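> Questions regarding the structure given below will be posed in turn.
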Amino acid sequence: MKFLSTRGGQRSVSLSQAIEQGIARDGGLFMPESIPAVSSVARPLAASEGKLVFSDVAREVIAPYAAGDGLGSAIPQLCATALDFPVPLRWIDEHTGVLELFHGPTAAFKDAGARFLAACLEQLKTPGAHRRTVLVATSGDTGGAVASAFYQRDDARVVILYPDGGVSPEQEHQLTCWGGNVQAFAVQGSFDDCQRLVKAAFADDNLRASCRLTSANSINIGRLLPQIAYYAYASLVYVAQRNDVARFVVPSGNAGNVVACLMAKRMGYPIGKVCIASNANKPLLDFLSSGTSAARPSIATLANAMDVGSPSNLERLRVLYPDIERLQGEVCAFSCDDAHIVEQITSLAACTDYIVCPHTACGIYARKQLQSNEDWIVAATAHPAKFSSVVEPLLGHQIEKPEALLGIAARQSNKTTMQSDLVELQHILAGK
Ligand SMILES: *Cc1c(COP(=O)(O)O)cnc(C)c1O
């Protein structure tokens, strides 16, 4: 399998090259030159084995993308170690399922992508070369998953930039509690300043080469592939339970989550309609109604991991659906503002005892808007305890933390600040 830039300005590359490069030379995102059809092995897997295991399905899903690449033979091992957590499907009412994507080490949907990417990069290390520097700007949620995924891997160090005062105390702790090969810096500025610094560092050819700079953000195809497996797996579980195609509600801001779901559908996994759940940021709704989406500043919401004004993965969506009418036929979308997020968290807990994070609350809202008697499965993208400062005051009691978060909470944190200044970042990066 070869990978092409969404902008058409780079020769095709292998999976390894696409992962190491992160973004294409022309500024585009890598997409496979064709979407592989689901192998004849994957479907019978559902019927024959009775009990499906997420990492087994992930191996089937990812293997064709790695065909002919150096990573190919390592995929079973990489999936077994990086994706070794459960992905439970629960039913909160007769026709509403919840697919819990938060049983990884930082209780977030991004764990699968971050861990698979880290494992691939470790596999691709060059003997004798000095270690890579993974440079990330985060507005809160990504950084923790990336930090945890790369922590104590000796082939990479991680430098995380986050806006000082711009993340919740819990998020700050999850960024600053690692040490060793993971350093986090509170930048005196906004998230946009952090992103500008990262872009400036990548634009500096000397720095990029001398530090072997790598990006771990969601444009990396290595983060997308295991997310496809979430939906392939869930569709097989669902088909075994109810013998129908699965319909998904997918909370999404940067469009990475929904592109993954639609790629699983295109591969031929038993998936029917897909519904995008946005927060008050509406670029995905605009795109779906008009086929275009003007870049605009993001609005801060309670579901802050989806506060995106110009979603980078729209480029992938366009490649997947050159025909907007086909997209409109298969996908719908709803936007959920903060008042509705609050209402969904509160009323769902009152009716069912099930507690959701603000992003999942957007999904629950969208599921209700569908007003459908068919089954719909809402992807639950974070454990509510990750957003306890939002959720606990609404419920009036504390939420039990999962073990993964208890372990992280017990770690010492160590905060370091820096100016929003490229020279200071260059010094930090030159530090090793
Ligand atoms: C990143 C994230 C999402 C959405 O992912 P997209 O890439 O924007 O589609 C949803 N929920 C949580 C908790 C996230 O961290």
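> Looking at the structure I just gave you, is P311 within 16 Å of the ligand (Cβ to nearest atom), open to solvent by less than 40 Å² (accessible area, probe 1.4 Å) and at pLDDT below 95?
Against the criterion (within 16 Å of the ligand (Cβ to nearest atom), open to solvent by less than 40 Å² (accessible area, probe 1.4 Å) and at pLDDT below 95), P311 qualifies.
> Further, regarding this structure: Residue check: is A300 among the small types (G, A, S) and open to solvent by less than 30 Å² (accessible area, probe 1.4 Å)?
Answer is no for this residue.
> Further question: How many residues does the stretch 328-349 contain that are part of a helix (DSSP H, G or I), free of Cβ contacts under 8 Å to residues at least 60 places away in the same chain and not small (G, A, S)? Can you show your working first?
Within the stretch 328-349, the first condition is being part of a helix (DSSP H, G or I), and the residues that meet it are 328-330, 338-349.
Add one more test, that the residue is free of Cβ contacts under 8 Å to residues at least 60 places away in the same chain, and what stays is 328-329, 338-340, 342-347, 349.
When the remaining residues are screened for being not small (G, A, S), the result is 328, 338, 340, 342-346.
Residues meeting the conditions: 8.
> Right, here's the next one. Return the total of residues in the stretch 49-69 being open to solvent by less than 10 Å² (accessible area, probe 1.4 Å) and among the hydroxyl-bearing types (S, T, Y).
Qualifying residue count, the stretch 49-69: 1.
> So F202 ticks every box in (1) under 30 Å from V13 (Cα atoms); (2) within 16 Å of the ligand (Cβ to nearest atom); (3) open to solvent by 30 Å² or more (accessible area, probe 1.4 Å) but one. Which box is left unticked?
With respect to (1) under 30 Å from V13 (Cα atoms); (2) within 16 Å of the ligand (Cβ to nearest atom); (3) open to solvent by 30 Å² or more (accessible area, probe 1.4 Å), F202 is out only on (2).
> Another question, then. When you scan the stretch 78-131, how many residues do you find that are over 17 Å from G22 (Cβ atoms), within 15 Å of the ligand (Cβ to nearest atom) and small (G, A, S)?
Adding up the residues that qualify gives 4.
> Looking only at the stretch 88-131, count every residue that is over 26 Å from A380 (Cβ atoms) and open to solvent by 10 Å² or more (accessible area, probe 1.4 Å) and tell me the total.
Residues that pass the stated criteria total 10.
Residues checked against (1) closer than 14 Å to V87 by Cβ; (2) at pLDDT 95 or above; (3) open to solvent by less than 10 Å² (accessible area, probe 1.4 Å):
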| site | (1), (2), (3) |
| --- | --- |
| L207 | no, no, no |
| Y231 | yes, yes, yes |
| R242 | no, no, no |
| F248 | yes, yes, yes |
| V258 | no, yes, yes |
| I276 | no, yes, yes |
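Here is a yes/no grid of residues against (1) at pLDDT 95 or above; (2) part of a helix (DSSP H, G or I); (3) of a type in the set (D, E, K, R):
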| position | (1), (2), (3) |
| --- | --- |
| D69 | yes, no, yes |
| C79 | yes, yes, no |
| F85 | yes, no, no |
| G97 | yes, no, no |
| H103 | yes, no, no |
| A112 | yes, yes, no |
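> Against the conditions (1) more than 16 Å from the ligand (Cβ to nearest atom); (2) touching a residue at least 40 places away in the same chain (Cβ under 8 Å); (3) open to solvent by less than 40 Å² (accessible area, probe 1.4 Å), where does D155 fall short? Just the number, please.
D155 satisfies every listed condition except (2).
> Shifting gears a bit: Identify the single condition in (1) open to solvent by 10 Å² or more (accessible area, probe 1.4 Å); (2) assigned to a helix (DSSP H, G or I) that I355 does not satisfy, given that it satisfies every other one.
Result: I355 passes all but (2).
Quick grid of which residues meet (1) at positive phi; (2) in contact with a Gly (Cβ under 9 Å, 6 or more places away or on another chain):
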site: D353; (1), (2): yes, no
site: C362; (1), (2): no, no
site: Y365; (1), (2): no, no
site: Q369; (1), (2): no, no
site: S372; (1), (2): no, no
site: I377; (1), (2): no, yes
site: K386; (1), (2): no, yes
site: G396; (1), (2): yes, no
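> What's the number of the condition S372 fails, among (1) under 19 Å from the mean Cα position of the chain (by Cα); (2) more than 14 Å from the ligand (Cβ to nearest atom)?
(1)
> Still on this structure, please answer the following. Does the stretch 350-369 contain at least one residue that is aliphatic (A, V, I, L, M), without any contact (Cβ under 8 Å) to a residue 12 or more places away in the chain and away from the ligand (no atom under 16 Å from the Cβ)?
Yes, the stretch 350-369 contains a residue that is aliphatic (A, V, I, L, M), without any contact (Cβ under 8 Å) to a residue 12 or more places away in the chain and away from the ligand (no atom under 16 Å from the Cβ).
> Still on this structure, please answer the following. I'm told R196 meets every condition in (1) open to solvent by less than 10 Å² (accessible area, probe 1.4 Å); (2) touching a helix residue (DSSP H, G or I) at 6+ places or on another chain (Cβ under 9 Å) except one. Can you identify the failing condition by its number?
(1)
The values are calculated or read from the model by the stated rules, or taken from the named source; none is laboratory data. This one's a predicted model, so the numbers in the text were calculated from it and none came from an experiment. Methodologically, a virtual Cβ is constructed for each residue, glycine included, from the backbone with ideal geometry; neighbour enumeration extends over all protein chains shown. Each accessible area value is taken on the protein alone, full model and side chains, heavy atoms only, with ligands, DNA and RNA left out. Shrake-Rupley method; radii C 1.70, N 1.55, O 1.52, S 1.80 Å.
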